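First up is the structure itself, then whatever we jot down about it.
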Amino acid sequence: METRYNHKEIESKWLENWNEQENFKPSNMGAEHFSIVIPPPNVTGALHLGHALNNTIQDILIRYNRKLGKNTLWIPGTDHAGIATQAVVEKRLLQEEKKTRHDLGREELVKRIWKWKDEYEARITNQLKSLGASCDWSKQRFTLDPICAKAVRYAFFNLFKKGLIYRGKRLVNWDTHLRTAVADDEIYHETVKGHFWTFKYPLADGSGYIPVATTRPETILGDTAVAVHPEDERYKKFIGKTLLVPFVNREIPVIADAVLVDMDFGTGSVKVTPAHDPNDYETGLRHKLPMLNILNEDGSLNENAGEFKGLKGEKARAAVVEGLEKQGLLLKVEDHEMQIGKSDRPKTVIEPYLSDQWFVKMDALAERAMQAVESGEVKFTPARYAKNYLNWLGEKRDWCISRQLWWGHQIPIWYASARPNINRSDIHCCQTENGDWLLCSLEEDLDENSIEGLKLVRDPDVLDTWFSSALWPHSTMGWPGETDDLKNFYPTSVLVTARDIISLWVARMVIFSQENMGEIPFSNVYINPTILDGSGRRMSKSHGNGVDPLDIIEKYGADSLRFVMCSVCTENQEARLPVKKEKLEDGREINVSEKFEIGRNFGNKLWNAARFLKPYITDIGHGTLDMGQEKSGKSENRGYRGSDNLEDKWILSKLNTVVKETQAALENYRFSEYASLIYHFVWDDLCSRYLEIKKGEISKESSALLSHSLYTVLDLLHPIMPFITEELNAILFPNSERVILREWPSADESLINAEIEKQFEEIFAIVEAIRSVRGRYSIAPAQKIAAVVHTAVNLESCKSMITDLSGLSSFEFGENLPKPAFSANAVISGGEVFVPLEGILNKETEIARLKKEIEKAESFIVSLNKKLSNENFVKGAPAAIIEGEHQKLATQRDIVEKCKAALEELFT
RNA sequence: GGGCAAUUAGCUCAGCUGGUUCAGAGCGUCUGCCUUACAAGCAGAAUGUCAGCGGUUCGAAUCCGUUAUUGCCCACCA
């Protein structure tokens with residue numbers, strides 16, 4: 001074995017091994033199932049550390065449950081991410097070929113996107129595999145593949161048939177660049193400096209005007225009313241009168257509306273543009289106003305804008321303002337900060353736009369999904385995120401599911417030229433609110449002449465990406481087929497995801513599962529923290545601050561990456577991860593971070609412990625651990641009881657504690673705690689203490705116990721660090737089952753002994769006291785020193801341990817030994833340690849130290865006394881606490897007494 | 001505007017049910033060590049008004065209120 005753990009060949013070796021043995025496939029049919037579906041990463045780009053975190057957690061859960069003997073399945077896959085992916089490809093098309101999608105046409109563009117998808121799906125898959133994700137790769141899915149497409153068809157058809165999907169003209173967020181509707185949640189708002197223009201809205205009879213203010217003057221052209229507050233004395237007289245829209249001279253009414261108008265804001269009068277503003281739209285509905293669309297799909301003004309037709313954006317605005325000024329209608333211009341909506345993907349301005357769209361009626365669906373969480377059937381961890389879910393669903397807003405894109409599931413709807421007269425169970429017909437006849441086809445794509453006597457035209461729109469994502473847990477398992485996977489693995493056990501898609505995705509999966517499967521898709525939702533970069537921004541593909549996990553894996557190894565990801569997974573909602581660039585020998589530049597050294601160093605520590613112990617290992621994989629220990633019978637090596645040595649009992653107590661606590665941590669999604677428990681057990685208890693005690697001379701008995709401990713550690717650590725644990729297992733216990741499949745250890749509670757642990761700590765305190773003296777006088781380890789301990793405890797059995805660990809030339813203990821001259825002292829529980837240092841001892845150093853210690857203890861005594869003389873404390877606090885305080889007081893008094901004595905001696 | 005969170009050592013963060021097992025870890029810093037597993041290591045050490053203010057309590061980093069700063073989510077005023 002090399003002195004340093006080298007992850008490179010080892011990782012690929014085990015990936016191959018697990019793969020060959022098909023260990024990632026379900027292997028325990030009939031047992032209780034444990035299944036997860038991956039949150040499918042978008043094929044817009046490669047994965048970053050946020051995904052690494054998310055997938056590490058899933059893999060930890062999968063590997064842990066696999067070791068528990070459950071029938072385990074983790075389904076991998078990717079998401080087509082409609083708008084995002086199309087935007088990325090279109091952007092590249094423009095950059096590299098100076099072409100738009102219209103130059104290519106639908107078919108060709110979609111072909112290009114598929115190519116992109118293939119490339120990124122491969123990259124993503126490779127990233128996940130490198131991470132060690134134990135997904136069943138034979139079941140990998142893509143949201144646009146035929147299996148998922150079928151599910152989408154069925155889900156759509158069923159909802160349509162039930163009347164839960166409808167088509168209507170609605171005001172939507174219109175992306176003028178991509179020429180598609182986008183969802184509310186695909187938009188972000190940006191504060192920009194704009195202006196607030198006040199102008200005269202002339203009365204049709206020429207008798208005057210109403211002053212109206214706006215931030216978007218070009219929308220004047222689409223005004224169909226001006227609203228004032230019904231109680232507003234200034235404007236009451238105008239209500240019902242008619243105004244003339246400047247430039248186009250359309251007549252519009254003055255209406256009274258208390259909802260829209262705030263008397264105290266601006267001029268107290270509002271122009272109403274129902275086709276281009278959400279609030280105005282609502283107002284338009286209330287007053288049955290015409291909805292006048294003044295925009296083309298690309299955002300330019302259309303023929304309704306008269307002389308301004310063809311102008312776009314800022315130009316249109318400037319032209320309208322100029323026109324108003326020329327006509328003497330402009331009253332004033334003020335600076336004004338406002339929020340404008342921009343599309344998530346290419347950062348283009350979003351216009352509210354009236355268009356025909358498809359919607360899902362959310363009312364009843366949302367209600368049922370809320371109940372699943374309210375009743376506790378679906379449980380969030382951390383629990384606070386349930387609020388997030390409930391608040392969003394509570395709004396019950398209808399879901400706009402159509403997108404005017406080319407990349408996605410095309411809506412299975414055909415417009416018929418006349419009223420269809422067919423009777424087929426796989427085709428459902430209905431009439432829309434504006435009288436069109438529609439056909440929805442369950443299985444087959446209809447062509448123009450599929451139905452006799454009708455001309456059919458397919459709806460060009462595709463579905464919102466989240467429509468297929470919402471089906472993910474059951475579509476991946478083959479719904480609507482009655483598959484074995486659904487039978488064996490549905491509902492899934494837990495969903496591990498990020499908090500920003502609780503509403504977009506989690507809520508909709510619950511809805512669709514309830515609708516299609518009649519049950520919830522998962523009973524637990526674990527929300528993992530968000531990874532932020534060094535400056536506190538969320539790591540994401542669109543920010544461009546993503547760090548490729550492969551960089552980290554290359555430099556530190558996948559195990560290190562996983563260990564740190566697990567450590568970072570606390571109940572907090574974010575985790576900051578500063579990275580820096582580093583140039584490799586081959587000239588490539590990768591991201592590195594000293595954070596990952598924790599994992600790497602830990603792996604190395606374990607590696608070296610194993611390397612050291614290798615010659616002494618008892619291969620307990622075959623039950624050759626014959627040290628006279630009892631066997632629990634459950635598993636060949638478990639239940640080892642060790643000898644009567646204090647340190648042996650101590651390490652067994654610690655070992656069984658860590659087994660118990662790691663399991664509890666895992667069961668409660670306390671990943672950071674899990675990592676920390678195993679880390680400190682290995683490093684502090686097993687290596688720094690137990691191994692150091694034993695390493696001078698390793699007896700047969702010691703080797704058995706060390707083997708047992710190490711063997712168990714490999715099991716406990718495997719879910720976090722699968723590669724190194726598997727490798728070490730192969731080296732140390734070549735005859736045992738591989739760690740991936742081997743049974744998870746169970747704690748023997750009878751070996752957990754607090755009294756033993758306390759005794760051990762007290763004795764170890766002697767070692768630490770002597771080491772501290774060494775440190776104080778910079779005595780090299782090679783230089784042996786003597787020590788005398790005043791204590792009533794018989795330390796005979798611990799003599800060699802104390803001698804070895806403290807580098808002693810002689811060691812005496814007893815109750816009535818004389819104090820050695822020129823000695824440094826240290827107070828321990830029930831005694832005192834003396835280290836004679838003739839010729840080395842520095843009086844000033846000791847005096848200063850003792851004074852400081854006395855001072856510290858005395859101030860502690862003061863606060864303890866204060867507490868204990870407080871009647872309310874004595875009355876109110878539990879007896880155990882009070883007793884504890886008394887003991888502390890005794891200890892502190894002992895320290896003061898002994899230190900004072902030592903001080904006195906120094907002065908004589 | 002509504003909601004969720006954060007503020008603890010120079011940095012990144014733990015600290016679940018209030019009680020010096022609670023003031024911690026890793027990194028960094030200082031001192032001494034290539035001690036026969038590990039310098040990616042060993043031994044020792046230093047470092048904090050637990051953001052401010054108020055309250056509850058015998059007792060608060062921990063519970064409540066409030067202020068400040070920061071981040072995220074949701075909704076948005078012409």
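Here is the figure for segment A:61-86: residues that are of a type in the set (A, V, I, L, M) and buried (at least 24 other Cβ atoms within 10 Å of the Cβ) total 4. Answer yes if at least one residue in segment A:336-344 is acidic (Asp, Glu) and more than 16 Å from RNA strand B (Cβ to nearest atom), and no otherwise. No, because not a single residue in segment A:336-344 is acidic (Asp, Glu) and more than 16 Å from RNA strand B (Cβ to nearest atom). What about A:SER540, is it in a loop (DSSP other than H, G, I, E, B), within 15 Å of RNA strand B (Cβ to nearest atom) and closer than 24 Å to A:ILE124 by Cα? It is true that A:SER540 is in a loop (DSSP other than H, G, I, E, B), within 15 Å of RNA strand B (Cβ to nearest atom) and closer than 24 Å to A:ILE124 by Cα. If you go through segment A:265-305 and keep only what is on the phi > 0 side of the Ramachandran plot and either surrounded by fewer than 16 Cβ atoms within 10 Å (Cβ to Cβ) or in contact with a Gly (Cβ under 9 Å, 6 or more places away or on another chain) (or both), you end up with A:LYS288, A:GLY299. Of all residues in segment A:761-807, those satisfying the criterion of being touching a residue at least 60 places away in the same chain (Cβ under 8 Å), within 14 Å of RNA strand B (Cβ to nearest atom), touching a Leu at 6+ places or on another chain (Cβ under 9 Å) and hydrophobic (A, V, I, L, M, F, W, C) are A:ILE763, A:PHE764, A:ILE766, A:ILE770, A:VAL773, A:ILE779, A:MET801. Of all residues in segment A:568-597, those satisfying the criterion of being of a type in the set (S, T, N, Q) and in contact with a strand residue (DSSP E or B) (Cβ under 9 Å, 6 or more places away or on another chain) are A:GLN573, A:ASN591, A:SER593.
Cβ-Cβ contacts under 8 Å between residues 6 or more apart (or on different chains), taken from a first residue in segment A:856-879 that is free of Cβ contacts under 8 Å to residues at least 60 places away in the same chain and closer than 23 Å to A:VAL896 by Cβ to a second residue that is within 7 Å of RNA strand B (Cβ to nearest atom) and hydrophobic (A, V, I, L, M, F, W, C), are listed as A:LYS867/A:PHE873. Of all the residues in segment A:27-43, those that are in contact with an Asp or Glu (Cβ under 9 Å, 6 or more places away or on another chain) and in a loop (DSSP other than H, G, I, E, B) number 4. Just so you know, in segment A:585-604 the residues that are farther than 16 Å from A:ILE724 by Cα and without any contact (Cβ under 8 Å) to a residue 12 or more places away in the chain include one that is nearest to RNA strand B (Cβ to nearest atom), and it is A:GLU594. On the given criteria, is A:ILE255 more than 17 Å from A:THR198 (Cα to Cα), in contact with a helix residue (DSSP H, G or I) (Cβ under 6 Å, 6 or more places away or on another chain), more than 12 Å from RNA strand B (Cβ to nearest atom) and not basic (Lys, Arg)? So A:ILE255 fits the description; yes. None of A:ILE756, A:ILE731, A:ILE720 is of a type outside the set (S, T, N, Q) and crowded, with 23+ Cβ neighbours inside 10 Å except A:ILE720. In segment A:136-144, the condition of being under 17 Å from A:THR78 (Cα atoms), in contact (Cβ under 8 Å) with a residue 24 or more places away in the chain, β-branched (Val, Ile, Thr) and out of contact with any strand residue (DSSP E or B) (no Cβ under 6 Å at 6 or more places or on another chain) is met by no residue. For segment A:808-825, taking the residues that are of a type in the set (Ser, Thr, Tyr) and more than 16 Å from RNA strand B (Cβ to nearest atom), the one that is modelled with the lowest pLDDT is identified as A:SER823. A residue that is out of contact with any strand residue (DSSP E or B) (no Cβ under 8 Å at 6 or more places or on another chain), at pLDDT below 85, closer than 24 Å to A:VAL333 by Cβ and more than 9 Å from RNA strand B (Cβ to nearest atom) cannot be found anywhere in segment A:267-280.
The values are calculated or read from the model by the stated rules, or taken from the named source; none is laboratory data. All of these numbers come straight from a predicted model, not from anything done at the bench. Heads up, the Cβs are rebuilt from the backbone with ideal geometry, glycines too, and the neighbour counts pull from every protein chain shown.
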